[in-house]
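Asker: Take this structure, written in structure tokens, and hold onto it; I'll ask about it next.
The values are calculated or read from the model by the stated rules, or taken from the named source; none is laboratory data. Note that the coordinates shown come from a computational prediction; the quantities given were computed from them, not determined experimentally. In case anyone asks, the SASA skips ligands and DNA or RNA and just uses the protein heavy atoms, side chains included. Shrake-Rupley method; radii C 1.70, N 1.55, O 1.52, S 1.80 Å.
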Amino acid sequence: MSGGGQHYYFGSGDHVTLHGGSGNVGIDKRVTPAAEPAPAVQEALRELLALVQELRGQVPQAGADALDDSLPALRAEANVPQQERHRALYAVAGIAATFGALGVPIVEAVNKVLGLLGAQ
């Protein structure tokens with residue numbers, strides 16, 4: 001590296017380059033909050049959650065637990081990064097698909113949300 005900068009890598013994934021010898025006082029870790037979903041997305045998420053809760057009562061405990069893991073990121077009011085919401089949507093669709101006809105409405109609802117998010 002030119003300029004004599006020192007590189008540091010931290011377990012959290014941070015990569016810091018320091019230039020100069022003094023006056024380095026910290027790391028600015030500002031994070032931009034996730035944007036609130038559009039009203040149509042919020043409504044589609046609410047519909048999806050209702051379907052997931054209905055399915056949850058009809059599947060074995062292991063399936064219900066797997067669905068529960070994704071629920072926080074699917075709440076319309078959840079302030080989560082879009083990537084996390086997508087992961088949860090794909091997880092729920094995959095789980096729902098294993099339950100055949102019971103899961104079809106959920107897979108369709110997930111596809112609707114993904115379409116509204118521009119992921120399809």
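Asker: Answer rounded, prolate or oblate for the range 41-88, using the Cα gyration tensor with square roots of eigenvalues a ≥ b ≥ c: rounded when a/c is under 1.5, else prolate when a/b is larger than b/c, else oblate.
Answerer: oblate
Asker: Now for a separate question. State the three equivalent ellipsoid semi-axes of the range 38-120, derived from the C-alpha gyration tensor as the square roots of 5 times its eigenvalues, in descending order and whole Å.
Answerer: 20, 13, 11
Asker: In square angstrom, what is the accessible area per residue of the range 30-120 with a 1.4 angstrom probe?
Answerer: 57
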